[in-house]
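Written below as structure tokens is the structure these notes are about.
The values are calculated or read from the model by the stated rules, or taken from the named source; none is laboratory data. All figures in this text were calculated on a predicted structure; none of them were measured in a lab. Cβ placement follows ideal geometry from the backbone for every residue including glycine, while neighbour counts extend to all protein chains displayed. Only protein heavy atoms, including side chains, enter the accessible area calculation; ligands, DNA and RNA are left aside. Shrake-Rupley method; radii C 1.70, N 1.55, O 1.52, S 1.80 Å.
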Amino acid sequence: VDVIASSLRVAEQVSGERLDAALRHLAGFGARSDGGVARLALGAEHVAARRWLIGEASALGADARMDAAGNLFLTLPGSDPTLAPVVTGSHVDSQPTGGRYDGALGVLSGLEVLRAVREAGVQPRRALTLVDWSNEEGVRFAPGTMGSAVYCGVRGLDETRAVRDPDGIDYGSAVDACRDALGDLLGAPYPLGAPLHAFIELHIEQGPVLEAAGAAIGVVNGIQGVRWFEIGVHGRSSHAGTTPRAARRDAVEAACALAVALRAETIDEADVTRFTIGRFLVSPGAVNTIAEEVRFTVDLRHPDAGTLAAIGARLERLCARTWAGCTVRLTELSASAPAVFPAAMTALLDQAAGELGMHAPRLVSGAFHDALHVARHCDTGMVFVRSNEGLSHHPAEFTALDDAVAGTRLLAAGLTRLCLR
Ligand code: HGY
Ligand code: MN
Ligand code: MN
């Protein structure tokens, strides 16, 4: 079989019309009135979307299986079942004020590749598997990339199943409920950690780099490191009107001073470090009661592991003292070292882009992805497509269809080469 000719033939079968229709359909699950989506991990909208996705894939001859961590595997069989599969995919779960491309485009471009392989009449030697990795966003259950982390042995299954959402529902029950809801469509459980031959994830860049470079697509070198913390500040609630300042232990006064000091530790001239306080919860939260407790999150990122460790140590030192008479408790929720994708994968994508006559600059991912963990399990690569205004985790998130098609063509060429060898 002429591998290159076949990979170009599959790329040609990619249909923008079909991809656009699939994007619109998937955006209907958890649709928000502002055009965005709210499809939290393993919630009703996510399960309904999975039911639709399984229907689309099984019409192509793919089987559907779930693993114990909640990941969904849709597999087109290969001619040699003894070989480990070539895998693509991303995540269907979204942010609460999410856009219709983050994660969704990676899953639907993978589905479009399965369709294109069928249409091109290419018989993969290795099975071609599309995965919806469970709970990538980490909003309902923290931390993110939960499903892929358990699959790749980065997190334990039992500790993960015990994580509870704000309503007290544990992750394990949500996985079991999803499996029960899809029961009739699912085959045997997919074994955690089973060998994968290679993985390529297509994702929107979610940042400004490709747009600034005037490029529709990019080949990703790797993913920066990320650490999530929760910080609890404890004072004492008392009457807003009668309590003199000198007698107060005001958790909001303390948390604000600490937050400003933490941010100051992360300012760098090159604007490489990323520091975000995304959630800031005050209790009891009454207008006329001095706050007893503030719990806030820190999302800290940097492409260099040593720098990430050094900044983390400075944050820990700031939390190891009292602020405005309040005590501080720092808990690290998750830590992922930076990942560098192997040259075998980036070169494969560079070459395929060349054959397709596409300019695909290299860049590091500012966002984490399931590929961060899968890179520790098998050869992994990523294809990025341009994000309008670099905007993401926002209902107005947008990627032009032409850009999505170009990325899907590159994904198709890369996956086809891998599953014919
Ligand atoms: O937070 C992230 O980097 C990912 O987009 N969920
Ligand atoms: Mn994502
Ligand atoms: Mn995201």
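Here are the numbers:
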{"quantity": "Hey, Asp20 touching an Asp or Glu at 6+ places or on another chain (Cβ under 7 Å) and among the charged types (D, E, K, R) or not", "calculated": "no"}
{"quantity": "Boolean, Val86 is in contact (Cβ under 8 Å) with a residue 12 or more places away in the chain, under 30 Å from Gly35 (Cα atoms) and either in contact with a helix residue (DSSP H, G or I) (Cβ under 6 Å, 6 or more places away or on another chain) or open to solvent by 10 Å² or more (accessible area, probe 1.4 Å) (or both)", "calculated": "no"}
{"quantity": "Verdict on Asp67 being modelled with pLDDT of 95 or more, charged (D, E, K, R), within 26 Å of Gly172 (Cα to Cα) and open to solvent by less than 10 Å² (accessible area, probe 1.4 Å)", "calculated": "yes"}
{"quantity": "Qualifying position, being of a type outside the set (Gly, Ala, Ser) and touching a His at 6+ places or on another chain (Cβ under 6 Å), among His369, His394, His359", "calculated": "His369"}
{"quantity": "Evaluation of Asp268 against (1) more than 16 Å from ligand 1 (Cβ to nearest atom); (2) among the acidic types (Asp, Glu); (3) in a strand (DSSP E or B) (one fails), failing number", "calculated": "(3)"}
{"quantity": "Filter result for the condition that a residue is of a type outside the set (Val, Ile, Thr) and away from ligand 1 (no atom under 16 Å from the Cβ), over Ala375, Ala404", "calculated": "Ala404"}
{"quantity": "Considering residues of the stretch 339-370 that are open to solvent by 30 Å² or more (accessible area, probe 1.4 Å) and within 30 Å of Glu230 (Cβ to Cβ) only, the residue farthest from ligand 2 (Cβ to nearest atom)", "calculated": "Val340"}
{"quantity": "Candidate set: the stretch 296-324, residues that are part of a loop (DSSP other than H, G, I, E, B) and within 24 Å of the chain's Cα centre (by Cα); chosen: the one nearest to Gly222 (Cα to Cα)", "calculated": "Pro303"}
{"quantity": "Members of the stretch 254-282 that are without any contact (Cβ under 8 Å) to a residue 24 or more places away in the chain, open to solvent by less than 50 Å² (accessible area, probe 1.4 Å) and more than 25 Å from Gly138 (Cα to Cα)", "calculated": "Asp268"}
{"quantity": "Residue list for the stretch 150-174, filter: open to solvent by 60 Å² or more (accessible area, probe 1.4 Å), without any contact (Cβ under 8 Å) to a residue 24 or more places away in the chain and either within 17 Å of Asp370 (Cβ to Cβ) or assigned to a loop (DSSP other than H, G, I, E, B) (or both)", "calculated": "Ala162, Asp167, Ile169"}
{"quantity": "Conditions (1) open to solvent by 40 Å² or more (accessible area, probe 1.4 Å); (2) under 17 Å from Glu316 (Cα atoms); (3) part of a strand (DSSP E or B); (4) not basic (Lys, Arg): number failed by Val226", "calculated": "(1)"}
{"quantity": "First in the stretch 133-149 and more than 16 Å from Val37 (Cα to Cα), second anywhere and among the acidic types (Asp, Glu) and more than 12 Å from ligand 1 (Cβ to nearest atom), Cβ under 6 Å, 6 or more apart", "calculated": "Phe141/Asp165"}
{"quantity": "Every pair of residues 6+ apart whose Cβ atoms lie under 7 Å, when the first sits in the stretch 283-295 and is farther than 13 Å from Gly325 by Cα and part of a loop (DSSP other than H, G, I, E, B) while the second is of a type in the set (Asp, Glu) and open to solvent by 40 Å² or more (accessible area, probe 1.4 Å)", "calculated": "Pro284/Glu292"}
{"quantity": "Residue within the stretch 399-413 that is under 17 Å from Ile217 (Cα atoms), touching a strand residue (DSSP E or B) at 6+ places or on another chain (Cβ under 9 Å), at pLDDT 95 or above and within 13 Å of ligand 2 (Cβ to nearest atom) present", "calculated": "yes"}
{"quantity": "Val226 being in contact with a Lys or Arg (Cβ under 9 Å, 6 or more places away or on another chain) and hydrophobic (A, V, I, L, M, F, W, C)", "calculated": "yes"}
{"quantity": "Subset of the stretch 380-412 (residues that are over 18 Å from the mean Cα position of the chain (by Cα), at negative phi and of a type in the set (D, E, K, R))", "calculated": "Asp402, Asp403, Arg409"}
